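Here is the structure we will look at.
The values are calculated or read from the model by the stated rules, or taken from the named source; none is laboratory data. Just so we're clear, the structure is a prediction, and the values are computed from it rather than from any experiment. Glycine also receives a Cβ, built like all others from the backbone with ideal geometry; neighbour counts cover every protein chain displayed.
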Amino acid sequence: MKMNNIIAIGVGAIAGTYARYQLNITLLFTGYPLGTLIENIAGSFLLGGLTGFFTYQVPKEWLKLGLGVGLCGGFTTFSTFASDSVSLFSHDIIIAGLYMIVSLLGGIFAALAGYLVGEKIGDASARTQGGSR
């Protein structure tokens, strides 16, 4: 793998992980894994948006990897979602079930919404540049 790809992934991962940490610290007072819920849904929207946009605007490989693998990968977290779900189950099975449903369905619908928005933006951008896919 090219060094600029590795650096882009690393920089993106640092930024995504830092943003995730800050969001979790900010929302810790709720006593509920709200930070993880927001991170995963927002990250799904962002990655969907990037995917949709990149169907019309082909970026340099390092940029695509830095934003997708690095930033979105560092910001979202399946392992924390799984751990939070287990923890919630030990306290309240209904809250745990709701958390899991909202996380999973919210993430999928957010990715779809992001993809559609990104595709529209990418298509509009391609048209203003004199071409499309």
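One residue alone among Ala96, Ala111 is touching a Phe, Trp or Tyr at 6+ places or on another chain (Cβ under 9 Å), surrounded by 14 or more Cβ atoms within 10 Å (Cβ to Cβ), hydrophobic (A, V, I, L, M, F, W, C) and without any contact (Cβ under 8 Å) to a residue 12 or more places away in the chain, and that residue is Ala96. Per the listing Val86, Val69, the residue uniquely of a type in the set (A, V, I, L, M) and either free of Cβ contacts under 8 Å to residues at least 24 places away in the same chain or surrounded by fewer than 13 Cβ atoms within 10 Å (Cβ to Cβ) (or both) is Val86. Look at (1) at pLDDT 95 or above; (2) closer than 24 Å to Gly16 by Cα and you find that Ile94 fails only one, number (2). Here the range 25-38 is the region considered, the condition is being in contact (Cβ under 8 Å) with a residue 40 or more places away in the chain and under 12 Å from Thr76 (Cβ atoms), and the residue that is surrounded by the most Cβ atoms within 10 Å (Cβ to Cβ) is Thr36.
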